[in-house]
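Accompanying notes for the structure given below.
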Amino acid sequence: MAALVRLDAATLGYGGRALLAGVSVAVDPEDFLAVVGPNGGGKTTLLRTLLGLLPPLAGARVADGPLPVGYVPQRDHVDSLWPLSTGDVVTMGRVTRSGPGRRLSPGDAEVAREALARVGLGDLWSRSFGTLSGGQRQRTLIARALAAEPRLLALDEPTNGMDPAAELGAMDLLRELHAAGGLAVVMVSHRLEAVANYARRLAFVDKDQGLWKVGPLAEMLRPEALSRLYGRHVIVREEGGRRFVYPVGGEERP
Amino acid sequence: MSALSDFWSAAVIWRDPLVASVLAGALLGFLGVYVVLRRVVFVSAALTQLSTLGVIVSLLVLERLDLETDHQEVQLVVAWIFSVGGGLVLGTLGWGRRLPTEAGVGMAYVLAGALVILGANRLVHVAHDLNTMVFGNAVAVPFQDVVILLVVTGLVAGLHTLFRKEIVFASFDRETAEAMGLRVRLWGGVLFFTIGLAIPVAAHVVGALPVFAFLTVPAAAALLATRRLAAAQALATALGAVSAGGGYVASWVLQVPTGATMVVVAGAMVLPAWAWRRLRA
């Protein structure tokens with residue numbers, strides 16, 4: 001299966017300043033890749049490089065033709081001051097589909113409505129975006145990404161600042177969307193707990209340690225690997241079919 | 001009563017200035033919604049200052065070449081170059097991680113202001129006309145200025161109608177728009193091009209203070225009173241027009257300075273908008 005997009009021995013960075021070298025990763029059409037690492041570790045830089053927004057300083061980014069991307073930013077980055085309805089926000093997902101200077105068609109509105117229904121908010125089309133709860137806002141942003149009919153759904157810290165129930169709901173939704181097929185998911189998160197039960201593959205990134213490692217979830221979730229990443233002893237437990245990751249006291253990294 | 005009848009009998013004098021003021025108020029009111037929502041209120045102040053600097057520079061160059069300084073079209077073109085150029089730089093370029101955008105805006109504002117003072121100091125012999133050239137004179141606007149304002153308003157309206165969805169997406173959520181393939185610098189550039197285009201011609205008609213006010217106050221009132229972007233833009237356009245027109249008439253009748261009266265009338269509209277929002281809540 002040809003990769004949707006891949007980085008070959010890429011050096012990540014911006015403004016001519018290298019953050020991390022030797023990054024190789026391929027995202028397959030059915031992938032669910034979670035990129036974890038400490039805050040400021042280079043996760044977002046990796047995502048932006050993968051999406052083609054930042055050129056690699058060395059190495060290469062190779063995409064399988066034009067890649068329709070649905071992007072979900074951190075919820076806090078979206079300005080709730082704007083007087084927009086939920087429908088207005090979701091419809092933005094169609095902007096790049098219709099081309100500049102062209103009006104959105106009734107068909108575009110229909111796709112946007114379906115996307116909102118898919119995330120379970122079909123009845124909130126006319127509600128002001130700024131009045132939605134945190135979880136509803138995140139679902140709306142996911143619906144906007146889906147409205148672009150993407151092959152790759154990219155999410156930057158999608159559960160940041162959510163309460164545990166909302167986080168679980170958002171991650172369950174991502175699993176459902178991915179399971180429906182035809183959609184690769186790449187998400188970055190500093191919350192390992194949030195992705196441990198959902199991703200198929202896991203990548204660790206930390207520019208301060210010069211660390212880049214990617215592999216299947218079961219292989220990457222070993223306590224010794226996690227302890228090295230976070231500089232703390234980490235315990236991984238499985239209860240009731242769910243994995244729990246606990247950082248505990250004691251420095252692991254010298 | 002006699003002041004009003006005097007006003008009506010002088011229709012030939014105020015017709016063009018009033019039309020120009022209403023157009024300027026409406027145009028800036030519309031653009032102001034983007035200015036307020038993008039949190040770049042002081043960019044408009046800096047652009048007004050840069051536009052003024054453009055006028056001063058054109059006067060200095062004309063004088064240096066021993067040409068008549070009364071070439072308003074030259075002044076306007078140079079003011080546009082400064083204003084549009086400043087808009088594109090301040091509105092679309094960042095300073096990276098080293099400086100916040102506000103630092104660039106502040107530097108542009110204060111440097112342009114200082115250069116205006118220094119330049120004006122060299123133009124003592126045209127000081128009498130300079131105030132009108134730089135800060136506008138809504139009392140006496142030639143028909144030519146009304147035509148220029150109409151053309152600019154048509155161009156801005158056309159661009160914003162044609163590329164509305166791109167400008168809104170790039171302004172509302174730049175990060176996502178860029179990630180999903182929208183050329184955010186281009187559409188941010190289109191927005192700031194239109195703002196840069198509107199400011200010099202509006203400043204020439206109503207003056208610098210009302211320009212800053214019309215880019216801020218009608219939009220603020222409209223955003224308080226409405227819940228949808230299209231409604232906010234329509235209301236801000238109407239409030240801008242009413243503030244400019246109402247301010248012009250009030251200044252004539254009350255025999256007080258025109259620009260300041262327009263700003264006060266615009267400011268008076270915020271209170272009912274705020275009250276309306278409280279009532280609805």
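Annotations for the structure displayed:
- Single unsatisfied condition, A:Asn39 versus (1) in contact (Cβ under 8 Å) with a residue 24 or more places away in the chain; (2) surrounded by 17 or more Cβ atoms within 10 Å (Cβ to Cβ): (2)
- Residues that are farther than 24 Å from A:Ala218 by Cα and either touching a helix residue (DSSP H, G or I) at 6+ places or on another chain (Cβ under 6 Å) or surrounded by 23 or more Cβ atoms within 10 Å (Cβ to Cβ) (or both), drawn from the range A:1-36: A:Ala10, A:Leu12, A:Leu19, A:Leu20
- Residue in the range A:171-178 that is more than 13 Å from the chain's Cα centre (by Cα) and free of Cβ contacts under 8 Å to residues at least 12 places away in the same chain present: yes
- Considering (1) touching a strand residue (DSSP E or B) at 6+ places or on another chain (Cβ under 9 Å); (2) at pLDDT 95 or above, the lone condition that B:Gly181 does not fulfil carries the number (2).
- Residues in the range A:157-169 that are surrounded by fewer than 24 Cβ atoms within 10 Å (Cβ to Cβ) and either within 12 Å of chain B (Cβ to nearest Cβ) or out of contact with any Asp or Glu (no Cβ under 8 Å at 6 or more places or on another chain) (or both): A:Glu157, A:Met162, A:Asp163, A:Pro164, A:Ala165, A:Ala166, A:Glu167, A:Leu168, A:Gly169.
- Comparison of A:Leu153, A:Leu104 shows that the only residue that is more than 16 Å from the chain's Cα centre (by Cα) and among the hydrophobic types (A, V, I, L, M, F, W, C) is A:Leu104.
- Filter result for B:Val190 (under 30 Å from B:Pro17 (Cα atoms), within 14 Å of chain A (Cβ to nearest Cβ) and touching a residue at least 12 places away in the same chain (Cβ under 8 Å)): yes
- Meets criteria (among the polar types (S, T, N, Q), assigned to a helix (DSSP H, G or I) and more than 24 Å from B:Phe143 (Cα to Cα)) for B:Ser58: no
- Any chance B:Ala203 is away from chain A (no Cβ under 14 Å) and within 15 Å of B:Ala266 (Cα to Cα): no
- Single condition B:Ala208 does not satisfy, out of (1) among the small types (Gly, Ala, Ser); (2) away from chain A (no Cβ under 14 Å); (3) surrounded by 23 or more Cβ atoms within 10 Å (Cβ to Cβ): (3)
- Here A:Gly107 meets each of (1) touching a residue at least 24 places away in the same chain (Cβ under 8 Å); (2) within 28 Å of B:Leu186 (Cα to Cα); (3) away from chain B (no Cβ under 14 Å) with one exception, condition (1).
- Within the option set B:Val270, B:Val256, B:Val242, B:Val265, being surrounded by fewer than 17 Cβ atoms within 10 Å (Cβ to Cβ) and more than 14 Å from chain A (Cβ to nearest Cβ) holds for one residue only, B:Val256.
- Hits in the range A:214-231 (condition: over 16 Å from A:Val195 (Cα atoms) and surrounded by fewer than 16 Cβ atoms within 10 Å (Cβ to Cβ)): A:Glu224
- A search for C-beta distances below 9 Å between a residue of the range A:148-167 that is closer than 24 Å to A:Ala109 by Cβ and any residue that is of a type in the set (S, T, N, Q), counting only pairs 6+ apart in sequence or on different chains, returns A:Ala148/A:Thr96.
- Any pair with Cβ under 6 angstrom, 6 or more apart, that starts in the range A:80-104 at a residue that is modelled with pLDDT of 95 or more and ends at one that is β-branched (Val, Ile, Thr): A:Thr86/A:Thr140; A:Val89/A:Thr140
- Subset tally (residues that are part of a strand (DSSP E or B) and either within 12 Å of the chain's Cα centre (by Cα) or of a type in the set (Ser, Thr, Tyr) (or both)) for the range A:24-55: 6
- Residue in the range A:64-84 that is charged (D, E, K, R), more than 14 Å from chain B (Cβ to nearest Cβ) and closer than 22 Å to A:Leu4 by Cβ present: yes
- Take the conditions (1) within 10 Å of chain B (Cβ to nearest Cβ); (2) touching a helix residue (DSSP H, G or I) at 6+ places or on another chain (Cβ under 6 Å); (3) in a loop (DSSP other than H, G, I, E, B); A:Met92 misses just one of them, which is (3).
- Options A:Gly122, A:Gly182; residue that is without any contact (Cβ under 8 Å) to a residue 40 or more places away in the chain and either buried (at least 22 other Cβ atoms within 10 Å of the Cβ) or not aliphatic (A, V, I, L, M) (or both): A:Gly122
- Checklist (1) in contact with a Phe, Trp or Tyr (Cβ under 9 Å, 6 or more places away or on another chain); (2) within 14 Å of another protein chain (Cβ to nearest Cβ); (3) not in a loop (DSSP other than H, G, I, E, B) applied to B:Lys165, failing item: (1)
- Residue match in the range B:149-167 (condition: among the β-branched types (Val, Ile, Thr), at pLDDT 90 or above, surrounded by fewer than 18 Cβ atoms within 10 Å (Cβ to Cβ) and farther than 29 Å from A:Ala147 by Cβ): yes
- Verdict on A:Arg102 being within 10 Å of chain B (Cβ to nearest Cβ) and exposed (fewer than 15 other Cβ atoms within 10 Å of the Cβ): yes
- Matching residues, the range A:233-252, being modelled with pLDDT under 80 and charged (D, E, K, R): A:Glu251, A:Glu252
The values are calculated or read from the model by the stated rules, or taken from the named source; none is laboratory data. No experiment lies behind these values; they were computed from the predicted model shown. A quick note on method: Cβ atoms are made from the backbone with ideal geometry, for glycine too, and the neighbour counts reach across all protein chains shown.
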